[in-house]
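Engineer: Quick one: the structure is below, and I'll ask about it shortly.
The values are calculated or read from the model by the stated rules, or taken from the named source; none is laboratory data. The shown structure was predicted, so the numbers you read here are calculated from the model rather than taken from an experiment. Cβ placement follows ideal geometry from the backbone for every residue including glycine, while neighbour counts extend to all protein chains displayed.
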Amino acid sequence: MEVTPVAIEDDVLVVGGGLAGVTAALAARESGASVRLVSAKETSLRQASGLIDALGVVDGAFVTVPFAAIDRLPETHPYRLVGAEALRAGLDLFDDHVEGYEGRHTDANALVPTHTGSVKPTARYPESVTAGLVSSAAETLLVGFEALSDFSAPFAAAHLTRADVPFDVRGVTVQFPGDLRADAKVTRYAHLLDADDDVHVDGGMLGARTALAERVKLHLGDAERVGFPAVLGDEHAAEVRLLLEAELGVDTFEVPMGPPSLLGARLQRRLYDALDDAGVAVETGNPVVDVSTDDGRVENVTVERVHSRVPYTADQYVLATGGLVGKGIEADREQVREPVFDCHVSHPGDRYDWFADGAYGDHPFARFGVRIDSDARPLDASGDPEYANLRAAGAVVGGADFPAEKSGSGVSLATGHTAGRLAGEDAT
């Protein structure tokens, strides 16, 4: 006899495990609601830079203060819909739950050098990045590793010089202690420094951290700070960096890297620790495969587990599954769709109108996503809420060009806080 699984019940169910989903879950939990977060796959946070960008570029120009530039965005932009105060509330929530980040002392963006030698405006950044901010005029040495092809220190230094940064910068490449292979993962570098195992150096043995410092000393010159690719440990990153500072006698900092990113992995760990501390139930690797609705409300969703399908029911739901990159929005040659709740996604009928001329053009597809109202409810083709008890947050929401604007994290925080707060209040 087939047994019908008993539904798992919560006040609020968040679908999606990235920054927007975590923010929504924490905001809903602060209202006193019981909250569960489910995600189909491992979060993309470990692929991200670990920086929290609010709004860095509008009309091709750097933004100094994100809050002051929101009125310059189109009315359909998520920031215009949920309001500037939603961004402030999201950043405050982040500050309350995530340790080890700087930037809360000011509304202005900080300028952070990246692994490509570009300068990125960002609202929050890890402590390990602080000594490298472009606002400092300290003479800078960038250090890359022979086997780590993702970061060329000489290239990054040359690019920063062309960007007319207010300091002298040069780059060198050294052999990483332990002679790692060219295909070694970034975690291998970090774990070697975490463990500080002895390595062979010039016929002798030294701890990996000291050995690295000794190799860098040969190139230090008059540098007042040294930047390394963001591989300086994982579990003991602060300890590794402080030892290098003591050995070198100058400030050290980490340069944010491309994916996979240790700064992103550290942020993911802090966010999920915050969920645990707040009492949010978390399930990863379990996709939503069906949705039941009635009279304009979501009644329950079906989640696929390893050996069964289980119904989950809640009073309120938050959709935070990501955008085109995260497969929260799907596109084929015929249409663009949101696959979980089948929310409306506005897009031109002719797929050739999805793109602009030129690789760096203003591509309409960059803004594809569900439309929301000021309460973060997804809207149907007529402009009415899809469901009375469904809200959306993060990259699944349309209207923003996250890469061009440098706004992805901020939109996740603003819409996540709005969706989670209102869902929690309605559920309780």
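Engineer: Could you tell me which numbered condition ALA223 fails, if it satisfies all but one of (1) in the same structural domain as PHE167 (by TED's automatic domain parsing); (2) in a loop (DSSP other than H, G, I, E, B); (3) at pLDDT below 95?
Structural biologist: Of everything listed in (1) in the same structural domain as PHE167 (by TED's automatic domain parsing); (2) in a loop (DSSP other than H, G, I, E, B); (3) at pLDDT below 95, ALA223 misses just condition (3).
Engineer: Given (1) on the phi > 0 side of the Ramachandran plot; (2) at pLDDT below 95, identify the lone condition not met by ASP150.
Structural biologist: (1)
Engineer: Moving on. Name, by its number, the condition in (1) in contact (Cβ under 8 Å) with a residue 12 or more places away in the chain; (2) part of a helix (DSSP H, G or I) that does not hold for LEU111.
Structural biologist: LEU111 satisfies all of (1) in contact (Cβ under 8 Å) with a residue 12 or more places away in the chain; (2) part of a helix (DSSP H, G or I) except (2).
Engineer: If I ask for residues that are within 24 Å of GLY258 (Cα to Cα), over 15 Å from the mean Cα position of the chain (by Cα) and crowded, with 19+ Cβ neighbours inside 10 Å, which ones from segment 77-110 would you list?
Structural biologist: Within segment 77-110, GLY103, ASN109, ALA110 qualify.
Engineer: Across segment 308-346, what is the total count of residues that are under 24 Å from VAL280 (Cβ atoms) and among the β-branched types (Val, Ile, Thr)?
Structural biologist: Here the count works out to 5.
Engineer: If we scan segment 125-136, do we find a residue that is among the polar types (S, T, N, Q) and buried (at least 20 other Cβ atoms within 10 Å of the Cβ)?
Structural biologist: yes
Engineer: Moving on. State all residues of segment 256-280 that are within 15 Å of SER44 (Cβ to Cβ), in contact (Cβ under 8 Å) with a residue 40 or more places away in the chain and in a helix (DSSP H, G or I); if no residue qualifies, say none.
Structural biologist: Across segment 256-280, the qualifying residues are LEU262, LEU263, GLY264, ALA265, ARG266, LEU267, GLN268, LEU271, TYR272.
Engineer: Mind checking which pairs have a first residue in segment 128-146 that is farther than 15 Å from PRO166 by Cβ and a second that is crowded, with 24+ Cβ neighbours inside 10 Å and among the charged types (D, E, K, R), Cβ under 6 Å, 6 or more apart or different chains?
Structural biologist: SER128/GLU254; VAL129/GLU254
Engineer: Can you find a residue that is at pLDDT 95 or above, of a type in the set (Asp, Glu) and not assigned by TED's automatic domain parsing to the domain that holds ALA131 anywhere in segment 298-316?
Structural biologist: Yes: one or more hits.
Engineer: Filter segment 363-412 for residues that are touching an Asp or Glu at 6+ places or on another chain (Cβ under 8 Å) and in a strand (DSSP E or B) and give the result.
Structural biologist: If the condition is that a residue be touching an Asp or Glu at 6+ places or on another chain (Cβ under 8 Å) and in a strand (DSSP E or B), then VAL370, PRO378, LEU379, PRO385, ARG391 are the ones that fit.
Engineer: Kindly indicate the residue of segment 281-305 that is part of a loop (DSSP other than H, G, I, E, B) and within 28 Å of the chain's Cα centre (by Cα) and also nearest to GLU338 (Cα to Cα) among those meeting that condition.
Structural biologist: PRO287
Engineer: Working only within segment 244-262, note down all residues that are modelled with pLDDT of 95 or more and in contact with a Leu (Cβ under 9 Å, 6 or more places away or on another chain).
Structural biologist: Residues satisfying the conditions are LEU244, GLU247, LEU248, GLY249, VAL250, THR252, PHE253, GLU254, VAL255, PRO256.
Engineer: Still on this structure, I have one more. Consider LEU242 against the criteria (1) assigned to a helix (DSSP H, G or I); (2) crowded, with 18+ Cβ neighbours inside 10 Å: it satisfies all of them except one. Which criterion is unmet?
Structural biologist: It fails just one condition, (2).
Engineer: Among VAL345, VAL340, VAL336, which is the only one that is hydrophobic (A, V, I, L, M, F, W, C), under 20 Å from VAL289 (Cα atoms) and either under 23 Å from the mean Cα position of the chain (by Cα) or modelled with pLDDT of 95 or more (or both)?
Structural biologist: VAL340
Engineer: ALA68 versus (1) over 29 Å from LYS327 (Cβ atoms); (2) surrounded by 20 or more Cβ atoms within 10 Å (Cβ to Cβ); (3) not polar (S, T, N, Q): which is the lone unmet condition?
Structural biologist: Only one criterion in (1) over 29 Å from LYS327 (Cβ atoms); (2) surrounded by 20 or more Cβ atoms within 10 Å (Cβ to Cβ); (3) not polar (S, T, N, Q) is unmet by ALA68, namely (2).
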